[in-house]
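First up is the structure itself, then whatever we jot down about it.
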Amino acid sequence: MNDDSKIVNPKFAKTNFMATVLTESLLHELNTEYRATRACIERIPETLFEYKPHPKSMTLGYLVLLVAEIPLWIKHMVIDGEIDFVTFKHASPKTTSELVAHFEDNIKGAREALQGTNDEALKEGSFSLKANGQVLYTAKKLADIGITINHWVHHRGQLTVYMRLNNIDVPSIYGPSADDKNFVAPS
């Protein structure tokens, strides 16, 4: 059982008798992906935010913002039960340090949300993705949080391609890269 005293915001405190095996697994996965994601984000210089590898591609600035904000989606999924893509308020970081700080805030929010819930709430609770109030789909929170973490990792992978195309060193993620020969074991 988790020590509830580690929850940063007590308004998210959960009842001790509720099962959290699945919730803790999601939190572990989030934390495992954190280090490599931060290492990528902090290497993106603001001078390249407008870079696009192809006319149909998103800009590097939007992609790195997306990678920094996906953990915020998890917070909204757990607490609000919905995200509306049209009304979702994106941050507007102008520098790499502002982007890293935004990422850290979003990770903290995702961690607190997961620490403040339990398996039953995620299994029974629904999440809706909307566009200007219109429901695009609804799913169980538990399933969609896992998909969201996968989505996050996918965009981080896309980010590493942009990094390579701009001669930005790609960090060790699940093992050594061509630029970083260190092996970092999953936490």
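Filter segment 63-89 down to the residues that are within 16 Å of residue 151 (Cβ to Cβ) and in a loop (DSSP other than H, G, I, E, B) and list them by number.
Hits for segment 63-89 are 85, 88.
Does residue 107 satisfy the criteria of being at pLDDT 95 or above, of a type in the set (Val, Ile, Thr) and loosely packed, with under 15 Cβ neighbours inside 10 Å?
no
Condition first: in a helix (DSSP H, G or I) and touching a residue at least 40 places away in the same chain (Cβ under 8 Å). Now tell me which residues in segment 158-176 satisfy that.
Those that are in a helix (DSSP H, G or I) and touching a residue at least 40 places away in the same chain (Cβ under 8 Å): 158, 159, 160, 161, 162, 163, 165.
Table: residues versus (1) modelled with pLDDT under 95; (2) assigned to a helix (DSSP H, G or I); (3) out of contact with any Asp or Glu (no Cβ under 8 Å at 6 or more places or on another chain).
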| residue | (1), (2), (3) |
| --- | --- |
| 5 | yes, yes, yes |
| 8 | yes, no, no |
| 15 | yes, no, yes |
| 40 | no, yes, yes |
| 43 | no, no, no |
| 47 | no, yes, yes |
| 53 | no, no, yes |
| 57 | no, no, yes |
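Here's a check for you: in segment 167-177, which residue that is at pLDDT 95 or above and surrounded by fewer than 15 Cβ atoms within 10 Å (Cβ to Cβ) is nearest to residue 29 (Cα to Cα)?
Within segment 167-177, the match that is nearest to residue 29 (Cα to Cα) is 169.
How many residues, within segment 110-122, are crowded, with 19+ Cβ neighbours inside 10 Å and over 18 Å from residue 31 (Cα atoms)?
Of the residues in segment 110-122, 1 are crowded, with 19+ Cβ neighbours inside 10 Å and over 18 Å from residue 31 (Cα atoms).
When you go through 81, 133, 125 one by one, which is the residue that is over 21 Å from residue 32 (Cβ atoms), without any contact (Cβ under 8 Å) to a residue 60 or more places away in the chain, surrounded by fewer than 18 Cβ atoms within 10 Å (Cβ to Cβ) and in contact with a helix residue (DSSP H, G or I) (Cβ under 8 Å, 6 or more places away or on another chain)?
Just one listed residue meets the conditions, 125.
Looking at segment 88-102, which of the residues that are closer than 20 Å to residue 35 by Cα and of a type in the set (A, V, I, L, M) is surrounded by the fewest Cβ atoms within 10 Å (Cβ to Cβ)?
So the residue we want is 101.
Taking the criterion of being among the basic types (Lys, Arg), assigned to a helix (DSSP H, G or I) and farther than 15 Å from residue 69 by Cα, would at least one residue in segment 132-150 satisfy it? Break it down into steps so the answer makes sense when it comes.
Just the residues of segment 132-150 that are among the basic types (Lys, Arg), to begin with: 140-141.
Now drop any that are not assigned to a helix (DSSP H, G or I), which leaves 141.
Then keep just the ones that are farther than 15 Å from residue 69 by Cα; that gives 141.
Yes; the residues of segment 132-150 include at least one that is among the basic types (Lys, Arg), assigned to a helix (DSSP H, G or I) and farther than 15 Å from residue 69 by Cα.
Quick check, is residue 99 at pLDDT 95 or above, within 21 Å of residue 145 (Cα to Cα) and assigned to a helix (DSSP H, G or I)?
no
Any chance you could count how many residues in segment 49-76 are buried (at least 17 other Cβ atoms within 10 Å of the Cβ) and over 12 Å from the mean Cα position of the chain (by Cα)?
Of the residues in that region, 4 qualify.
The values are calculated or read from the model by the stated rules, or taken from the named source; none is laboratory data. In this text the structure is predicted, and so the values were computed from the model without any measurement. Reconstructed Cβ throughout: ideal geometry from the backbone, glycine too, with neighbour counts over all protein chains shown.
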